[in-house]
Amino acid sequence: MLAFFKNNGYKILGVVLIGYALIAGLLKSLPDMGGNMAQTSRNVFYHVPMWFTMYLLMGISVVYSILFLLKGKDRFDVVARESARTGMVFGLFGLSTGIIWSRVTWRELIPSDSFAAWWSWDPKQTMVVVALMIYAAYFILRAGIEESSSRARISAVYNIFAAASLIPLTLILPRMLGGLHPGGDDGNPLENIRLSNEFRVVFYPSVLGFMLLSIWILELRVRFTLYQQKFEDVE
Amino acid sequence: MLNSFWFSLVLLQAGQGILFQSDKIFTVLTVVLIIFSGLILYLWNLDRRISRMEKKDKDSTTA
């Protein structure tokens, strides 16, 4: 019984936290944001954690790339690759949910057949696509190198540059340029009063829950790949 | 998958009242929870299968 919780405890905690975030996030009464925001402010509980989770996974990915360069163990390269891959999935979740949210809040008057209804050229939205393309190039680079040890080494070095570009592209530039996302005019949204405590009690558990869920998915992907690699050379 | 189907039936039975409330937010919540529980059951199942595979592999290499 104890061993069960030792191995699976974080998974159960993640599921419970997301379950709480889904129930409380939809049912809790919140301060009315009014105007075009209205009830869609609840999206903070689901859209934003996708990005937090992506940063975590890209962080894990680059840490394992550095570990690979230092220690040269093949399994570190597997973790780096699978983590970047899972991170991209969460990034695409964040991007698509953000498009829907901005469609109904700031672009509601624009007809649906117009591209501007779905794409605002908001700095964060645009730069995130650039960042995701940089990560897509990581996989293209990997696919282009036949020999597995140089593939692991070269892509690990590339991954460090990819992770380093993620911060200015998605965290610094959008704050300097303003746009639809908070943070441009009044600093870090987590520190200012615009995120009230009524949001925080659901938001933080949601972030932690989705992070734990993503670690679970990552663990499964890594274990499966390591198993598969015993029988064939997998890229 | 069958589990989440039963789960939704139970919810429908238990929640005759709340599912039909005027703003129907509980209906949305039910849909969301069915999807979420289905995904978790899927992941859990995958986890068990991979564990079984690893165990079998370990047994065959040590034997």
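Within the range B:42-49, does at least one residue satisfy the condition of being in contact (Cβ under 8 Å) with a residue 24 or more places away in the chain, open to solvent by less than 80 Å² (accessible area, probe 1.4 Å) and either β-branched (Val, Ile, Thr) or more than 8 Å from every other protein chain (Cβ to nearest Cβ) (or both)? Looking through the range B:42-49, none of the residues is in contact (Cβ under 8 Å) with a residue 24 or more places away in the chain, open to solvent by less than 80 Å² (accessible area, probe 1.4 Å) and either β-branched (Val, Ile, Thr) or more than 8 Å from every other protein chain (Cβ to nearest Cβ) (or both). Are any of the residues in the range A:48-71 within 13 Å of another protein chain (Cβ to nearest Cβ) and in contact (Cβ under 8 Å) with a residue 24 or more places away in the chain? Within the range A:48-71, none of the residues are within 13 Å of another protein chain (Cβ to nearest Cβ) and in contact (Cβ under 8 Å) with a residue 24 or more places away in the chain. Of all residue pairs spaced 6 or more apart or on separate chains, those with beta-carbon atoms under 6 Å, a first member in the range A:126-143 that is under 17 Å from A:Ile160 (Cα atoms) and a second member that is assigned to a helix (DSSP H, G or I) and open to solvent by 40 Å² or more (accessible area, probe 1.4 Å) are A:Tyr138/A:Tyr158; A:Leu141/A:Tyr158. Residues considered: A:Thr105, A:Thr86, A:Thr97. Of these, the only one that is more than 19 Å from A:Ile134 (Cβ to Cβ), within 14 Å of chain B (Cβ to nearest Cβ) and among the β-branched types (Val, Ile, Thr) is A:Thr97. Any residue at all in the range A:27-37 that is part of a helix (DSSP H, G or I), out of contact with any Gly (no Cβ under 9 Å at 6 or more places or on another chain) and over 17 Å from A:Trp101 (Cα atoms)? Yes, there is a match, as at least one residue in the range A:27-37 is part of a helix (DSSP H, G or I), out of contact with any Gly (no Cβ under 9 Å at 6 or more places or on another chain) and over 17 Å from A:Trp101 (Cα atoms).
The values are calculated or read from the model by the stated rules, or taken from the named source; none is laboratory data. Worth saying up front: this structure is predicted, and the values here are computed from it rather than measured. Positions of Cβ are backbone-derived with ideal geometry, glycine not excepted, and every protein chain shown enters the neighbour counts. All accessible areas refer to the heavy atoms of the entire protein, side chains included, with ligands and DNA or RNA removed. Shrake-Rupley method; radii C 1.70, N 1.55, O 1.52, S 1.80 Å.
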